[in-house]
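Structure, as structure tokens:
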Amino acid sequence: MNGRREARRSPLNSAARRRIEEAYSAHFRRRLEEKEKLKRPDSDLTETGAATPANADERPNPDQRAAGLDFLSTARRMIAPSLGKALGGIASLAVFALAGFALASAISSVKFSDVRGAIAAMSAEQIFAALLLTALSYVALTGYDALALRQLRLRVRYRIAALASFASYAFSFNLGFPVVTAAAVRYWIYARVGVTAVQVANVTVIAGVTFWLGMTSVVGVGLMARAGEIGAIDKLPAFVNFALGLMICAGVGYYIVWVSLRPRRVRLRGHFFELPGLAPTIGQTLLGVVDLCCAAAALYAILPQDPNLDFATFVSVYVFACILGVISHAPGGIGVFEATMLNALPSHSQESLLASLLLFRVIYYFLPFILALALLGADEGSRRWNSLRETIARILEARE
């Protein structure tokens, strides 16, 4: 026992320990004196106690300087996001107000009895083609979630992914604020199969990137391929339209090269999201182009026939109107989309063009929204019924 105590005892004698403690104490005293000297406003006093110059009080205190810098950095961090949101909101309101003014001026001379007559005059073939192309567009939209889930290596059945994607887009197109509405619908469906909220946010981000890749690609190619025809609409020289299209396509190409060099991650609202690589990004771009071309073709099928408007030119105008609708944050771009199309498309009859736009709003937006409500209700009812049957079966087994 005594041997163990001796072994645990420090090998230094008392004199050595005392010298070490005194050295540590002297070191800490010097550190404290230096800190106090920095804190004192009269730190430039001489050791003999001489008075400071008369302008010494005008010199800023180091603590005050540090506090001022901290205040400025904190204010910059707080004001910058708020300023960005405020400017974005002002820009959205400006686009919406301008579109409202343009829409009011465009329909000021429209006779709504002629609009009803133009809708009634549409053939069943036109309406059926619009419905079929709308269905193809929403089928392509379901591929957005399928690609995102594959990128995240999540095993979710296509039936569930298709329901989540279709319902989320049907809701966000009609209610607006897609980041909130689409993510909420997706989480409500995906949470049943064990997908977390962060993973749902990843799916929403990747699907949004797919949508924008498709839009920018269509606009860029359209501006390059139909620079002269689009120049008759936007009143810009053909070479300017071609240069804009080339810049947009170069931006898309740069993004594809950027994500293909190495894995890329972006930070949004404190979370990191991994972007797809080369092959998934090309798949995203092609899927977005197919979706937008089908949606544009659905409207093109019910437009008044105009030999001066080819489909490639029309797709570019359609996507540009969609972009303005997204920027305005109006639900489904309502009002903004119609104003852009009425002022951009050549037509001998504004009544016929407005009738086509109103019918397209019903076919592409309202009908999928009603169908999504019905599917979600049926899915929830089926899930509750299965849960009730399992509960009844367990009760009967327990009684037996």
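The values are calculated or read from the model by the stated rules, or taken from the named source; none is laboratory data. Fair warning: this is a prediction, and the values are worked out from it, not measured in the lab. Cβ atoms come from the backbone with ideal geometry, glycine included; neighbour counts cover every protein chain shown. Ligands, DNA and RNA are excluded from the accessible area calculation, which covers all protein heavy atoms including side chains. Shrake-Rupley method; radii C 1.70, N 1.55, O 1.52, S 1.80 Å.
In table form, for the structure just shown:
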| quantity | calculated |
| --- | --- |
| Around LEU133: net Lys/Arg minus Asp/Glu count, Cβ-Cβ under 13 Å | -2 |
| The stretch 258-400 - charge dipole about Cα centre, Lys and Arg +1 at Cβ, Asp and Glu -1, debye rounded to 20 | 760 debye |
| About the Cα centre, charge dipole magnitude for the stretch 115-221 (Lys/Arg +1, Asp/Glu -1 at Cβ), debye | 420 debye |
| Accessible area of the stretch 115-192 divided out per residue, in Å², using a probe of 1.4 angstrom | 51 Å² |
| Mean accessible surface per residue for the stretch 317-391, computed with a 1.4 Å probe while every protein chain stays in place, in Å² | 45 Å² |
| Charge-dipole axis of the stretch 220-273 as Lys and Arg at +1 and Asp and Glu at -1 on Cβ define it, positive-most pick from PRO263, ALA238, GLY228 | PRO263 |
| Sites ILE327 and ALA393 - FRET efficiency at Förster radius 56 Å, r taken between beta-carbons, to 0.05 | 0.55 |
| Distance between the stretch 196-261 and the stretch 384-400 - C-alpha centres, whole angstrom | 54 Å |
| Percent accessible area from carbon and sulfur atoms, the stretch 169-292, protein chains only, probe 1.4 Å | 74 percent |
